[in-house]
Each structure stands twice: as structure tokens, then as C-alpha cells.
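The values are calculated or read from the model by the stated rules, or taken from the named source; none is laboratory data. The shown structure was predicted, so the numbers you read here are calculated from the model rather than taken from an experiment. In this analysis, Cβ positions are derived from the backbone assuming ideal geometry, glycine residues included, and neighbour counts consider all displayed protein chains. Keep in mind that these areas ignore ligands, DNA and RNA; they rest on the heavy atoms of the full protein, side chains included. Shrake-Rupley method; radii C 1.70, N 1.55, O 1.52, S 1.80 Å.
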Amino acid sequence: MRSRLLLLLKRCSAWTRHWLLVIGCLLLRLLRAVSARLRDVTAQAGDETSLLAIRLTVNRGLHMAERLLWFLVILGSVFAVYMLSEVQIARYLTSPTVISVDRDYRGWNGSLPAVTLCYYDHIDSFKANKLIQEAWNVSIIDEDYFYIMDFLYAVVNATASNYAELTKFASDERFDQIDLYDIIQTINRPFEQVISSFDANFKVHVQMVMTERGSCYAINSPMSAVLGKKPVQYEQLQEPLTCQYGKQQCYISMDLYESTGVLDVHSPYEVSATEANIVALHKSDEITASFKVLETVASKNLRELSVEQRKCVFNDEETSNLKIYSKSLCLARCRAIMALEMCNCVPFFYPFVEGPSCNPAGFECLLDFKWPIWALHICKCPSTCTEIEYTMQTMKKSSWGMKNNEEAASVETATSSFRWDLIPPKVRFRRDVVFSFEDLIVSFGGVLALFVGVSVMGLVQMGYVIVFNVLLDIFKLLRFIHLHLRARCRRPTKLPKHSIHSQSNVSRAETAELPLFEYVN
């Protein structure tokens with residue numbers, strides 16, 4: 001039994017060695033055939049593209065060391081092309097823009113600054129009395145009248161940085177279902193000022209807006225139209241007042257009657273959000289302020305880049321769920337979204353953000369979270385591609401004081417005025433594309449020509465040669481398989497021996513001697 005087992009193992013090992021030898025021989029022949037074919041295709045590609053290094057690498061007439069040297073040269077060139085191409089791609093994706101300085105100021109047109117006016121006394125007493133009677137059925141002789149009036153004053157005087165007075169009414173259920181934004185719209189003081197400018201034919205646009213300082217009036221500020229509840233398209237925005245710096249004296253003047261407030265001077269394409277250009281206007285004040293402008297314009301081909309590449313956003317681009325973009329508007333929306341996530345309500349300073357409006361209890365929740373102090377450091381928004389920054393250069397303030405009682409009796413109102421001028425600039429910035437997609441393609445061509453010595457046509461020829469030979473080899477392989485299968489199908493089959501004998505017997509019987517023919521003369 002043991003000897004049989006050993007004999008079987010020897011036969012199996014011999015059979016295995018035989019088949020391994022056969023398979024090895026077949027693989028070696030296949031490898032030689034493939035190597036020869038690759039050498040032929042490479043030589044053909046080198047001939048088509050006129051690349052001497054490729055032809056020398058596969059030339060078997062040269063010494064092996066020389067062929068290896070040319071192969072290393074090709075590898076080094078390809079590696080250099082890869083490294084430089086990677087640098088160029090990174091440059092195109094991260095920093096393809098440049099900010100240059102323009103000095104051809106004689107033909108420039110510029111926009112005048114926008115002003116957001118916020119009254120010190122927001123409330124209209126007559127409208128407030130009417131609202132108290134209609135909404136709560138309380139008259140001036142009732143005990144709750146002054147309590148509700150204090151609530152209305154707390155609403156109209158609340159700001160995003162100071163809303164603590166509203167939290168005193170958080171426990172009163174009568175104010176839970178009240179829309180604070182509608183209350184402000186109802187009792188807010190109307191705009192009864194006179195505005196004039198250097199262009200008598202242009203009507204300066206004025207609109208009531210809700211800002212983080214409360215209810216205000218925006219003057220010459222198209223972007224402020226986005227701050228309402230109604231969605232606005234960029235094409236619907238009115239143009240601000242503009243002037244040609246070299247030919248006109250650019251100014252806007254506003255006369256206020258029996259009104260005092262805070263003025264915020266900002267870009268027409270931004271909303272009031274900073275404390276940079278705040279001017280306090282009191283009764284009988286006459287203020288003339290001159291502003292220096294620093295403008296950043298953008299070239300037309302800047303729009304071909306993505307936001308990540310140019311690192312800025314145009315005003316008419318939709319981003320961050322804003323159909324019209326500005327940096328201050330984006331930051332305001334970010335703070336509103338944080339309030340919504342914390343207390344499940346949106347403060348009435350942001351009517352353009354969807355969500356339930358905060359009641360006094362909601363503001364108490366925001367106060368517990370110390371909103372928006374920590375949100376100021378978290379919210380980050382990209383800059384706009386076109387920017388206008390105004391810096392107050394000079395301010396002249398005159399005040400005549402209040403008149404005596406006799407003169408005051410003959411004068412109906414005390415008058416204040418504010419005039420803002422624009423100093424013509426001589427320098428502005430321009431965002432431009434310094435490395436476009438066309439420059440990227442040209443850099444690829446230069447690198448390939450420098451290190452490899454091939455052009456686009458050469459690459460196309462090389463690709464054509466490779467694809468043609470691959471398809472030719474596949475066609476030959478399929479044709480060989482097809483012919484082999486046809487040969488196997490047409491091969492005659494061998495019959496059994498008994499069938500052969502039967503056929504031979506039958507043939508003998510059938511070929512037996514036949515009767516003689518009779519010939520007829």
C-alpha cells in the first residue's frame with residue numbers, strides 16, 4: 001500500500017513538473033512576443049513623433065548601457081514635466097488673480113456714499129396710541145397703558161447688541177403671539193426730510209429698512225432693498241447716484257426737521273453694519289463731511305474663475321442662500337442662523353431670513369446664550385470682488401444752538417442738515433486674472449517642448465499609433481480564435497468499427513455482379 005502511494009506521488013509530481021514546464025514555456029514565448037510587439041510599437045511611435053530618445057531606447061543595435069542611459073533621460077524628463085505641471089495646476093487653482101493699481105483717473109465714474117439714518121426717537125406717538133387701542137383694547141386711562149407703551153419703546157429701541165429691555169416682558173403671555181417686526185412697521189416715524197444733490201434730475205432713493213440698529217432709513221443704498229421680507233432680484237435694484245470725478249462736484253445734502261439721529265456712511269452695495277463712519281446729528285447742527293474713496297474694480301474675465309480661485313464673490317452671484325451677495329449681508333445672515341439654531345427663532349432685525357420670529361421670551365433665550373457676542377468671531381464670509389470703501393477725511397460742524405422763547409414762537413421747527421462730499425480719487429485697485437486657463441494650457445505646452453520635445457500634434461500621433469496597434473492586435477486575436485473555432489467545427493468525426501463493417505457489407509451486396517446488358521444491333 002505504501003509503495004503504491006509513493007508511486008502515485010511520483011507520477012503526480014512528474015505530471016505537475018511537466019505541466020509547469022509547459023506553462024512556463026508558453027508564458028516565456030508570450031512574454032517574448034509581447035516584448036517584441038511593444039518594441040515595434042515604441043519604435044513606430046518614435047518615428048511618427050520624431051522623438052530620437054524613444055527610438056534609441058528600443059534600438060537593439062546600440063549597447064545596453066547606451067539604451068539604459070536614454071531610458072533614464074526619458075524618465076527624468078517625464079518626472080520634470082510632472083512636477084512643473086503640478087506646480088502650474090496648483091497656481092491656477094489657488095492664486096490665479098492679481099490686484100493692480102490704476103491711475104488713469106480722468107475718465108472714472110464713481111458712486112456716491114450711501115447713508116443710513118436711524119432716529120433717536122423712533123416711535124410715532126399717535127400711531128402707538130392707535131395700536132394699543134386696537135391690539136390690546138387699552139386706553140390711556142387704563143393701568144396697563146404705560147406698561148404696554150414701555151413695551152413698544154423697548155421694541156423700537158432694541159438693537160442686536162442691546163435688547164435687554166425686551167427680556168423684561170418675557171413672562172407676559174400677551175406678547176407671545178405678537179410680531180415685533182409688524183409693530184415697528186406700524187408705529188415707526190415716517191421719513192419727512194428733504195434730500196438734494198448735485199444732479200437735479202436724479203431722484204435719490206430712500207427706503208425704510210430693518211438693520212441691526214433697528215428701524216432706519218437708507219439713502220442712496222440699492223443693497224438695502226434686500227433687507228425686507230420680499231425677495232428681490234439683482235436686476236430690480238435701483239442704481240445709486242454716480243458722478244464723473246474729473247468734471248463734477250459730487251455731493252448729497254439732507255435737511256432734517258425736528259429730527260435727530262445717527263448717520264452711518266457706507267458703500268451703496270453694502271448694508272449698515274460697521275461703526276467706522278458714524279456721525280451723530282443733533283438739532284440745529286449743520287455738518288459737512290468729505291469722504292475719501294478707495295475703489296476696487298474687477299475685470300470681465302474674473303467671472304470665468306470659481307469662487308475658490310478668485311476668493312471673492314460678485315454682488316449678482318447667489319451664494320449662502322443669498323440671491324444678492326454682500327459681505328455685511330452674509331455676516332448678518334450668519335448671525336441670524338446662529339440665533340435660529342440656539343433658540344429656534346430669528347430676531348426681527350433679519351426679516352430676510354426665513355424662520356419663526358423671536359418674541360420677548362426668545363430674546364431672553366438669546367440673552368442667556370450671550371448672542372451675538374461670540375457669533376462675531378465665528379461668522380466668516382468672503383469679500384466682494386468689487387468694493388468701495390469710504391474714509392472720512394474732513395468734517396465741518398456748525399451749531400447755532402436753540403433760539404430763545406420769543407424767537408422760537410415765530411419759528412415752526414428747528415433745522416439740521418448733513419451734506420456729504422466725495423473727494424475725487426486718483427488711485428484705485430483692479431482685480432485681474434494673471435494666470436488663466438489658456439495660460440495653463442500654454443505652460444503645459446512649454447514644459448513638454450522643453451523637456452520632452454513634443455507638441456500637441458506629436459502627442460496625438462503617438463496616441464494614434466498606440467490605439468491603432470492595440471486595435472490591430474485585438475482584431476488579429478479575434479480572427480485567430482474565429483478561425484480556430486471554424487476548423488474544429490468542420491473536422492470530420494470518426495465512426496465506430498461496427499459501423500464501418502456494416503457499411504462495407506452493404507456496399508458489397510449492392511455492388512454484386514449485375515446481369516449482362518443485351519446489345520441490340
Open item on the list: Looking only at region 210-249, count every residue that is open to solvent by 10 Å² or more (accessible area, probe 1.4 Å) and in contact with a Cys (Cβ under 6 Å, 6 or more places away or on another chain) and tell me the total.
Closed with: 1
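Sort out for me the helices (runs of 4 or more DSSP H) sitting completely within region 388-504 that have 2 or more residues that are closer than 30 Å to E86 by Cβ and either hydroxyl-bearing (S, T, Y) or modelled with pLDDT of 80 or more (or both).
Details: elements: 405-410, 437-451, 456-490.
The helices (runs of 4 or more DSSP H) meeting that bar are 437-451, 456-490.
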Task: Neighbours by Cβ (under 6 Å, 6+ apart or cross-chain): first from region 354-373, of a type in the set (G, A, S); second assigned to a loop (DSSP other than H, G, I, E, B) - done: S357/D179; S357/F348; A361/A170; G362/C345
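Condition first: in a loop (DSSP other than H, G, I, E, B), within 22 Å of E389 (Cβ to Cβ), open to solvent by less than 60 Å² (accessible area, probe 1.4 Å) and not acidic (D, E). Now tell me which residues in region 273-319 satisfy that. Spell out the reasoning first.
Keep residues of region 273-319 that are in a loop (DSSP other than H, G, I, E, B), which gives 273-277, 282-284, 299, 305-306, 311, 314-318.
In the following step, the residues that additionally are within 22 Å of E389 (Cβ to Cβ) were identified as 273-277, 299, 311, 314-317.
Of the ones still in play, those that are also open to solvent by less than 60 Å² (accessible area, probe 1.4 Å) are 273, 277, 299, 314-315, 317.
Across region 273-319, the qualifying residues are A273, N277, S299, F314, N315.
Could we say that D142 is more than 30 Å from A280 (Cβ to Cβ), out of contact with any helix residue (DSSP H, G or I) (no Cβ under 8 Å at 6 or more places or on another chain) and at pLDDT below 90 here? Steps first, please.
On the way: more than 30 Å from A280 (Cβ to Cβ): yes; out of contact with any helix residue (DSSP H, G or I) (no Cβ under 8 Å at 6 or more places or on another chain): yes; at pLDDT below 90: yes.
When the stated conditions are applied, D142 passes them.
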Open item on the list: Please verify whether D121 is open to solvent by 60 Å² or more (accessible area, probe 1.4 Å) and part of a helix (DSSP H, G or I), treating the condition exactly as stated.
Closed with: no
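Looking at the structure I just gave you, is G228 in contact (Cβ under 8 Å) with a residue 24 or more places away in the chain and over 29 Å from the mean Cα position of the chain (by Cα)? Quick ask: steps written out before the conclusion?
Details: in contact (Cβ under 8 Å) with a residue 24 or more places away in the chain: yes; over 29 Å from the mean Cα position of the chain (by Cα): no.
Spelling it out, it is not the case that G228 is in contact (Cβ under 8 Å) with a residue 24 or more places away in the chain and over 29 Å from the mean Cα position of the chain (by Cα).
Given S299, S253, which one is in contact with a Phe, Trp or Tyr (Cβ under 9 Å, 6 or more places away or on another chain) and over 16 Å from S111 (Cβ atoms)? Even if it seems obvious, please write down each step before you answer.
Numbers: S299 fails: in contact with a Phe, Trp or Tyr (Cβ under 9 Å, 6 or more places away or on another chain).
Of the residues listed, the single one that is in contact with a Phe, Trp or Tyr (Cβ under 9 Å, 6 or more places away or on another chain) and over 16 Å from S111 (Cβ atoms) is S253.
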- [ ] Please determine, by comparing only the residues of region 84-99 that are in a helix (DSSP H, G or I) and in contact (Cβ under 8 Å) with a residue 60 or more places away in the chain, which one is surrounded by the most Cβ atoms within 10 Å (Cβ to Cβ).
- [x] Q88
Open item on the list: Criterion first (at pLDDT 85 or above and farther than 30 Å from K247 by Cβ) does A114 satisfy it?
Closed with: no
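Can you tell me which residues in region 144-172 are among the acidic types (D, E) and open to solvent by 40 Å² or more (accessible area, probe 1.4 Å)? Break it down into steps so the answer makes sense when it comes.
So in region 144-172, the residues among the acidic types (D, E) come out as 144, 150, 165, 172.
Matches in region 144-172: D144, D150, E165.
Would you mind finding the one in V41, V73, V58, V81 that is open to solvent by less than 50 Å² (accessible area, probe 1.4 Å) and at pLDDT 75 or above? Break it down into steps so the answer makes sense when it comes.
Details: V41 fails: at pLDDT 75 or above; V73 fails: open to solvent by less than 50 Å² (accessible area, probe 1.4 Å); V58 fails: at pLDDT 75 or above.
Checking each option against the conditions leaves just V81.
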Task: Condition met for D179 (more than 26 Å from L329 (Cα to Cα), among the charged types (D, E, K, R) and open to solvent by 10 Å² or more (accessible area, probe 1.4 Å)) - done: no
TODO: Could you check, for region 317-324, whether at least one of its residues is basic (K, R) and within 30 Å of K426 (Cα to Cα)?
DONE: no
Open item on the list: Out of Y257, Y234, I need the residue that is over 25 Å from the mean Cα position of the chain (by Cα) and in contact (Cβ under 8 Å) with a residue 60 or more places away in the chain. Which one?
Closed with: Y257
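When you go through F191, F202 one by one, which is the residue that is hydrophobic (A, V, I, L, M, F, W, C), modelled with pLDDT under 90, open to solvent by less than 80 Å² (accessible area, probe 1.4 Å) and outside any helix (DSSP H, G or I)? Don't jump to the end; show me each part of the working.
Details: F202 fails: modelled with pLDDT under 90.
F191 is the lone residue from the list that is hydrophobic (A, V, I, L, M, F, W, C), modelled with pLDDT under 90, open to solvent by less than 80 Å² (accessible area, probe 1.4 Å) and outside any helix (DSSP H, G or I).
Within region 324-334, can one find any residue that is open to solvent by 40 Å² or more (accessible area, probe 1.4 Å) and either touching a Lys or Arg at 6+ places or on another chain (Cβ under 8 Å) or basic (K, R) (or both)? So that I can check it myself, show each step before the final result.
To start, the set of residues in region 324-334 that are open to solvent by 40 Å² or more (accessible area, probe 1.4 Å) comprises 327, 331, 333.
Now narrow it down to the ones that are either touching a Lys or Arg at 6+ places or on another chain (Cβ under 8 Å) or basic (K, R) (or both): 327, 333.
So far as region 324-334 goes, yes, one or more of its residues are open to solvent by 40 Å² or more (accessible area, probe 1.4 Å) and either touching a Lys or Arg at 6+ places or on another chain (Cβ under 8 Å) or basic (K, R) (or both).
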